[in-house]
Each structure stands twice: as structure tokens, then as C-alpha cells.
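To start, the structure under review is shown below, and the notes come after it.
The values are calculated or read from the model by the stated rules, or taken from the named source; none is laboratory data. All values derive from a computational prediction rather than experimental measurement. With ideal geometry, Cβ positions are generated from the backbone for all residues, glycine too; neighbour counts draw on all protein chains shown. These area figures cover heavy atoms from the full protein model, side chains too; ligands, DNA and RNA do not enter into them. Shrake-Rupley method; radii C 1.70, N 1.55, O 1.52, S 1.80 Å.
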Amino acid sequence: MEKAQKLEQMTDLVAKFIELVGKRLPDDVTAKLKELSEEEKTPMAKMIYEAMDENQKQAEKLNRPSCQDTGLIQMFVHVGTKFPY
């Protein structure tokens with residue numbers, strides 16, 4: 001496989017990963033949010049948990065990024081001295 005194909009393949013893989021994590025929270029995070037929301041007694045906090053849940057449902061339904069308010073995506077990559085890209 002030539003360098004251009006490898007670069008295209010890597011770019012495609014990273015793009016798909018970013019697309020997924022922008023739309024969906026990890027299963028353990030979703031489970032913990034549900035658990036915490038069921039324990040919550042404060043009306044305002046319960047409303048926030050409900051809004052977060054609806055946000056995740058709409059992101060999946062509409063195939064759009066969810067509003068996670070997490071800032072910018074940063075990636076730290078360790079590569080060898082002869083990394084061609």
C-alpha cells in the first residue's frame with residue numbers, strides 16, 4: 001500500500017472515530033448518568049439530567065453531534081522519527 005493510500009486510510013479512520021464520539025457517550029457514562037438521575041432529589045438537577053438524556057436521544061435520532069460542552073478535541077500521538085505523515 002502506498003503512502004497516499006495509508007494516509008487516506010488513517011484520515012478516514014480518525015474521521016469516523018471523531019464522528020462516533022461526537023454523537024454518543026460511552027455505555028458506562030450513560031449508565032452512570034441514568035443511575036445518578038434516578039437518585040437525584042433536586043428538581044433543577046433532575047431537569048438537567050432529563051435534558052442530557054434527551055440530548056443524547058436526539059443526537060442519535062438526527063445523526064448529529066450531541067451538545068456535550070466538552071471543548072475541543074485534542075489528540076496526542078506518539079510516532080517514530082521516520083513517521084511519513
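The conditions are (1) within 21 Å of Glu60 (Cβ to Cβ); (2) out of contact with any Ser or Thr (no Cβ under 8 Å at 6 or more places or on another chain); (3) not in a helix (DSSP H, G or I), and Ser37 fails exactly one of them. Which is it?
Status for Ser37: all satisfied but (3).
Taking interchain pairs and intrachain pairs at least six residues apart, which have beta carbon atoms under 6 angstrom, with the first residue in region 23-35 and surrounded by 10 or more Cβ atoms within 10 Å (Cβ to Cβ) and the second outside any helix (DSSP H, G or I)?
Short answer, once both residue conditions are applied: Lys23/Pro65; Lys23/Ser66.
Yes or no: Pro84 open to solvent by less than 80 Å² (accessible area, probe 1.4 Å) and touching a residue at least 40 places away in the same chain (Cβ under 8 Å)?
Working: open to solvent by less than 80 Å² (accessible area, probe 1.4 Å): yes; touching a residue at least 40 places away in the same chain (Cβ under 8 Å): yes.
It is true that Pro84 is open to solvent by less than 80 Å² (accessible area, probe 1.4 Å) and touching a residue at least 40 places away in the same chain (Cβ under 8 Å).
I'd like to know if region 41-50 contains one or more residues that are open to solvent by 60 Å² or more (accessible area, probe 1.4 Å), part of a helix (DSSP H, G or I) and aromatic (Phe, Trp, Tyr).
Of all residues in region 41-50, those open to solvent by 60 Å² or more (accessible area, probe 1.4 Å) come to 41-44, 46-48, 50.
Then keep just the ones that are part of a helix (DSSP H, G or I); that gives 43-44, 46-48, 50.
Filter once more, keeping what is aromatic (Phe, Trp, Tyr): none.
No, there is no match, as no residue in region 41-50 is open to solvent by 60 Å² or more (accessible area, probe 1.4 Å), part of a helix (DSSP H, G or I) and aromatic (Phe, Trp, Tyr).
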